[in-house]
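Novice: Sending over a structure as structure tokens; questions will come in a sec.
The values are calculated or read from the model by the stated rules, or taken from the named source; none is laboratory data. Computed from a prediction, not measured in an experiment: that's the story for all the values here. With ligands, DNA and RNA removed, areas are computed over all heavy atoms of the protein, side chains included. Shrake-Rupley method; radii C 1.70, N 1.55, O 1.52, S 1.80 Å.
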Amino acid sequence: FSAAATDRLTSNWASYGTGINADLERALQVLIARSRDWAMNTDMGRRYITLVQDNVVGPNGPTLQVRATLADGQTPDDAANNAIETAWWDW
């Protein structure tokens, strides 16, 4: 396969398969440092963090809304929903 050829253009390109977990573990500290630097020192990074806070996490963090139903599959099980949501908030 020509895509697997090693020549002057591809000689530095990784040609072994160690798996994503090993790759991440080896590079994790550098990835974290670069991500933090990008988020703090670039306009795009700061904007990205703002967008995540506004649209993903929200001002109160993640929330849970349970929509369990009774056996008929239609009627909301208010007691179970409230109990689960309360336990989640307590946790």
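Novice: With all protein chains present, calculate the accessible area of Val57 using a 1.4 Å probe and round the result to the nearest 10 Å².
Specialist: About 70 Å², rounded to the nearest 10.
Novice: Need one number for the chain: average projected area of the convex hull over its C-alpha atoms, nm².
Specialist: Numbers: hull surface 51.6 nm².
Taking a quarter of the hull surface, the average projection is 12.9 nm².
Novice: At a probe size of 1.4 Å, how large is the accessible area of Leu28, to the nearest 10 Å²?
Specialist: Spelled out: Leu28, probe radius 1.4 Å, area about 80 Å².
Novice: Still on this structure, I have one more. Can you run phi through the Karplus equation (6.51, -1.76, 1.60; θ = phi - 60°) for the range 17-26 and list ³J(HN,Hα) in whole Hz, with x for Gly and Pro?
Specialist: x, 9, x, 5, 5, 5, 4, 5, 4, 5
Novice: Out of Arg34, Arg67, Arg26, any idea which swings most in a Gaussian network model of the chain, alpha carbons joined below 10 Å?
Specialist: Arg67
Novice: I'd like the Karplus ³J(HN,Hα) series for the range 51-67: coefficients 6.51, -1.76, 1.60, θ = phi - 60°, whole numbers in Hz, and an x wherever there's a Gly or Pro.
Specialist: For the range 51-67, the Karplus-derived couplings read 5, 5, 4, 6, 10, 10, 7, x, x, 10, x, x, 10, 10, 10, 8, 10 Hz, x marking Gly and Pro.
Novice: When the accessible area of the range 1-86 is split by element with a 1.4 Å probe, what percent falls to carbon and sulfur?
Specialist: Exposed carbon and sulfur together represent 56 percent of the surface.
Novice: Let me ask you something else. How much solvent-accessible surface does Ile20 expose, in Å² to the nearest 10, with a 1.4 Å probe and all protein chains in place?
Specialist: Only protein atoms counted, so the area is about 110 Å².
Novice: Could you provide, to the nearest whole Å², the per residue accessible area of the chain with probe 1.4 Å?
Specialist: Working: 8320 Å² over 91 residues.
I get 91 Å² per residue for this part.
Novice: A further question on this structure: Assuming 0.36 nm per residue, please report the length gained on full extension of the stretch Asn60 to Gln29 beyond their Cα-Cα distance. Display every interim value, and only then the final one.
Specialist: Numbers: separation 31, 0.36 × 31 = 11.16 nm, distance 2.89 nm.
Working it through step by step, the gained length comes to 8.3 nm.
Novice: Under the 0.36 nm per residue contour assumption, what length would be gained going from the current alpha-carbon distance of Thr42 and Asp90 to full extension?
Specialist: Working: separation 48, 0.36 × 48 = 17.28 nm, distance 3.75 nm.
Net length gain for the segment: 13.5 nm.
Novice: How much length would be gained if the chain were fully extended between Leu9 and Ala79, taking 0.36 nm per residue of separation minus their Cα-Cα distance, in nm to one decimal?
Specialist: Taking Leu9 through Ala79 to full extension adds about 18.7 nm, to one decimal.
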